[in-house]
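Heads up, the thing below is written out as structure tokens.
The values are calculated or read from the model by the stated rules, or taken from the named source; none is laboratory data. Just so we're clear, the structure is a prediction, and the values are computed from it rather than from any experiment. Glycine also receives a Cβ, built like all others from the backbone with ideal geometry; neighbour counts cover every protein chain displayed. These accessible areas exclude ligands, DNA and RNA; they are computed on the full protein's heavy atoms, side chains included. Shrake-Rupley method; radii C 1.70, N 1.55, O 1.52, S 1.80 Å.
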Amino acid sequence: MTVQDKPRLDRAHVTGLLAQMLRIRMFEDKCAELYTREKIRGFLHLYDGEEAIAAGIIPLLGEADRIVATYREHGHALARGVPMPAVMAEMYGKAEGCSGGRGGSMHLFDADTNFYGGNAIVGGGLPLAGGLALADRMRDEDRVTACFFGEGAVAEGEFHETMNLARLWRLPVLFVCENNGYAMGTALDRSESQTDIRAKAAAYGIEAQTVDGMDVIAVEVAAKQALARIRETGEPAFLECRTYRFRAHSMFDAQLYRDKAEVEAWRTRGPILRFRDWLLDNGLLHAEEVAAIEARIEAEIAEAVAFAEAGAWEPVEDLGTHVLGAAPPAPAPAAPSGETVEITYREAMRAALRTAMQADDRVFLMGEDVGAYGGCYAVSMGLMEEFGPDRIRDTPLSESGFTGLGIGAAAAGMRPIVELMTVNFSLLALDQIMNTAATLRHMSGGQFGVPLVIRMATGAGKQLAAQHSHSLEGWYAHIPGLKVLAPATLEDARGMLATALDDPDPVLIFENVMLYNMSDKLDKTAGPVEIARAAVRRPGSDISLITYGGSLHKTLEAAEALSGEGIAAEVIDLRSLRPLDDETIMASLAKTRRAVVVDEGWRSGSLSAEISARIMEQAFWSLDAPVGRVCSAEVPIPYPHHLEQAAIPQVAQIVAAARAALGR
């Protein structure tokens, strides 16, 4: 240990450490009492016994540094300086809470102190922290992100994916594993073949250390060393703090998995008891001074409880607030130049990427094989040579990890474009997309947004069989907090990306694999397009054919065939699957009084079912026939060409459905 590393044990410092731990413990004791009185509800995870970790680490961080915590984060928030009244009001669910009452016990957020929240998903905060640090690395900013998590998280794939990426990309993160021995009720040695958590991080080449998490001075010394190393090298560091929680996993927990003797044995080693007794024994503090500290904290807690009790419940009328941010105005259409260029859908997407990268240094692309390989579908071919590997980032095959890093980078102010190679791979990132990207704004009471674009290939037709031929757009269109786009034309392939990047919320762009080779003429001035409205691609008066993505061109072909029979079909390209443009759909129905929805998703629970339901709710009395649907057959997509074609919507089926709706 160097002189610089030696603990500073002057009276003011040690008094502050004890006061910090007592403040956390007494706050948690009050929360437990309030829970029994039903003032606090839901899951309540208390930090009793682990106070030395937050007290020993968080005060060492600078104001610009960031914190990502776990669901047991009350102590972290208090140590960071989030005001106790705001924390208590959040526990109550009141509008004055630090997250506006939207988050509760497991989701404390505070933008003023760079506290990026607790996270109820085990391990879910790890990629977020990595992404915050990635933004700092790319902007060459002197910040550290501290990420706290329990030992249960080390079994999650997100732990390993984040460790790998943090080391690979040299991300300035202090990872702090609060190893309390139990992942809920399962002891570590019953769930892990390797119980040395430090060794798991070290296996990725990360500087890792184990420390007694019940000793606040030991924690502080280890954290000082780790933070100094991060600031000097820019590389991650890892602390395993071995600790113990004195209370149940949550207030619902009967603790049948451990006996009282074990808990009492650990209590004798408790961080507050050990440190207080050491201070008293060595004359650094006196009993009456400890009593005075406790009295001040009791008064502070009483004020916090009174603040929460007096707080207001958010009006029910505000239920939809903070689901999405304020979208920027729609871009004005570019004036036609009169000059066109022959271009493919793939090339239009590439041009959109290039323009976005040129226009904004915050924009970068990352995903599997997007760089040297040029993208699975060659969309990003040549862009790494043009913009360099820092902005065209090849990633490991770790969808949850790099998607989560994209979320974190977006929350820190970057404009990432994450490419998921195929829609089925997105299921590996679904937790990050649904539980973080789609909810961060809402859980934080509007303090943090995720201006992220996720692109992915979707659809069948290339004989890729059951595992690479899904159309899952409708699944994502089910999730509040996301926007979901399906560009089906060259204009939209060229123009949707720029508008999506300007949006304050996560936007998913689904590119149908059968469109990449589609070629046509595109105006040289083609640019950003609005992304909230459907488009009438062919006017008609007899029936409305409603579709999107890869099915648009089949539907247009069907409309042409119907015209030969004297049927004027109106074709609506939804373009945006969330939000849906009900106005355009209902305006068409008011004319035609009949509808067929064409959807490459499976029929049951499909987007077509949602559209049909909306038509029945809003236009039932205008209909002259039931809404028809043409969807994929309810089978995994087969490999043989003839079976694959039979499984997905085709022109003949669309024509037949239109005839049936017209009674022909």
Take E294 and tell me if it is of a type outside the set (F, W, Y), in contact with a Leu (Cβ under 7 Å, 6 or more places away or on another chain) and surrounded by fewer than 19 Cβ atoms within 10 Å (Cβ to Cβ). yes
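Residue-wise test of (1) of a type in the set (S, T, Y); (2) open to solvent by less than 10 Å² (accessible area, probe 1.4 Å); (3) in a helix (DSSP H, G or I); (4) closer than 25 Å to V316 by Cβ.
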{"residue": "E38", "(1), (2), (3), (4)": "no, no, no, yes"}
{"residue": "G42", "(1), (2), (3), (4)": "no, no, no, yes"}
{"residue": "V82", "(1), (2), (3), (4)": "no, yes, no, no"}
{"residue": "A89", "(1), (2), (3), (4)": "no, yes, yes, yes"}
{"residue": "E96", "(1), (2), (3), (4)": "no, no, no, yes"}
Quick one: A590 ticks every box in (1) in a loop (DSSP other than H, G, I, E, B); (2) open to solvent by 60 Å² or more (accessible area, probe 1.4 Å) except a single one, so which number is it? (1)
Please state which of the following conditions R629 fails to meet, knowing it meets all the rest: (1) touching a Leu at 6+ places or on another chain (Cβ under 7 Å); (2) of a type in the set (K, R); (3) over 19 Å from V423 (Cα atoms). (1)
With respect to M434, is the statement that it is under 25 Å from G103 (Cα atoms) and touching a Lys or Arg at 6+ places or on another chain (Cβ under 8 Å) true? no
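Tell me, please, whether a residue that is open to solvent by less than 50 Å² (accessible area, probe 1.4 Å), of a type in the set (A, V, I, L, M) and more than 27 Å from R41 (Cα to Cα) can be found in the range 262-270. Working first, answer last.
From the range 262-270, those open to solvent by less than 50 Å² (accessible area, probe 1.4 Å) are 263, 270; that's our starting set.
Next, from what is left, pick out any that are of a type in the set (A, V, I, L, M): 263.
If we keep only those that are more than 27 Å from R41 (Cα to Cα) too, we end up with none.
Checked the range 262-270: no residue is open to solvent by less than 50 Å² (accessible area, probe 1.4 Å), of a type in the set (A, V, I, L, M) and more than 27 Å from R41 (Cα to Cα).
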Applying the selection to the range 411-432, what residues are surrounded by fewer than 22 Cβ atoms within 10 Å (Cβ to Cβ) and among the small types (G, A, S)? G413
The lone condition F510 fails out of (1) surrounded by fewer than 23 Cβ atoms within 10 Å (Cβ to Cβ); (2) among the aromatic types (F, W, Y); (3) more than 30 Å from A95 (Cβ to Cβ) is (1)
Looking at the range 563-576, I want the residues that are of a type in the set (V, I, T) and open to solvent by 10 Å² or more (accessible area, probe 1.4 Å) and have a partner that is modelled with pLDDT of 95 or more and assigned to a strand (DSSP E or B) with Cβ atoms under 6 Å, at least 6 apart or on another chain. Which pairs are those? none
From I417, I407, I433, I454, which residue is modelled with pLDDT of 95 or more, farther than 30 Å from G104 by Cα and within 15 Å of the chain's Cα centre (by Cα)? I417
Reported set for the range 622-635 where residues are surrounded by fewer than 19 Cβ atoms within 10 Å (Cβ to Cβ) and at pLDDT 95 or above is L623, D624, A625, P626, A633, E634, V635
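Determine whether M381 is buried (at least 22 other Cβ atoms within 10 Å of the Cβ) and more than 20 Å from M138 (Cβ to Cβ).
So M381 does not fit the description; no.
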Of the conditions (1) under 30 Å from A327 (Cα atoms); (2) open to solvent by less than 20 Å² (accessible area, probe 1.4 Å); (3) under 30 Å from the mean Cα position of the chain (by Cα), D582 fails just one. Which one is it? (2)
Restricting to the range 301-319, give me the number of residues that are in contact (Cβ under 8 Å) with a residue 40 or more places away in the chain, among the small types (G, A, S) and either open to solvent by 60 Å² or more (accessible area, probe 1.4 Å) or touching an Asp or Glu at 6+ places or on another chain (Cβ under 9 Å) (or both). 3
Name every residue in the range 188-217 that is small (G, A, S), part of a helix (DSSP H, G or I) and either in contact (Cβ under 8 Å) with a residue 24 or more places away in the chain or open to solvent by 50 Å² or more (accessible area, probe 1.4 Å) (or both), in order of residue number. S191, A201, A202
Of the conditions (1) at pLDDT 95 or above; (2) buried (at least 24 other Cβ atoms within 10 Å of the Cβ), L46 clears all except one; give me its number. (1)
Just checking, how many residues over the range 63-79 are touching a strand residue (DSSP E or B) at 6+ places or on another chain (Cβ under 6 Å) and either surrounded by fewer than 24 Cβ atoms within 10 Å (Cβ to Cβ) or among the basic types (K, R) (or both)? 1
Scan A54, A95, A79 and give me the residue that is modelled with pLDDT of 95 or more, closer than 20 Å to G449 by Cα and not aromatic (F, W, Y). A95
